[in-house]
Amino acid sequence: AAAAPPRPGRDAPRAVVAGTSLVARRARRPPSRRDPAADSARPQAAIRPHTGPTNARWTLHLGLVVADADAPRISLTVAGERRTPWAQGRVVLFDDSYEHAVEHLGAEERVVLDLSIEHPGLRG
């Protein structure tokens, strides 16, 4: 018997169905989810303070390209707390519903894998 199609907002976020288009997957995914993407920041760049659309997700960054010398010069401020968390191969996890910003004062481009995960305290 054929498997039942994913139910919008219920099954699709937990599994990607082979052969479906990106548009179809996005249509089934709730606003608390987004597609993984490589995100880069050039030297001397700043991302102004902003908030994510929902507290139903957390943002996860995996450092793909982070020069060792630049790591202490690239900061993430979340809810007023400034840190320098990025390093190549290191995971940074934060709740993007709080105001957050990035400042890159290093000399090399920084690239992270940017994806969202469900907020574990809000699972149904």
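Observations on the model:
- Relative packing of 35-42, 110-117, which averages over residues the other C-beta atoms within 10 Å, highest first: 110-117, 35-42
- Label-point separation, S40 to L64 (7 Å along Cα→Cβ), nm: 0.9
- Averaged per residue, segment 61-124 has 54 square angstrom of accessible surface, using a 1.4 angstrom probe with ligands and nucleic acids left out.
- Karplus 3J(HN,Hα) series, Hz, for segment 105-118 with 6.51 cos²θ - 1.76 cosθ + 1.60 (x for Gly, Pro): 9, x, 10, 10, 5, 9, 10, 10, 7, 10, 8, 10, 10, 5
- Between E81 and E99, full extension at 0.36 nm per residue minus the direct alpha carbon distance yields a gain of 5.5 nm.
The values are calculated or read from the model by the stated rules, or taken from the named source; none is laboratory data. As the structure is a prediction and not an experimental result, all values here were calculated from the model. Every residue, glycine among them, receives a Cβ derived from its backbone with ideal geometry; neighbour counts consider all protein chains shown. Accessible surface is based on the protein model in full, side chains and every heavy atom, while ligands, DNA and RNA are left aside. Shrake-Rupley method; radii C 1.70, N 1.55, O 1.52, S 1.80 Å.
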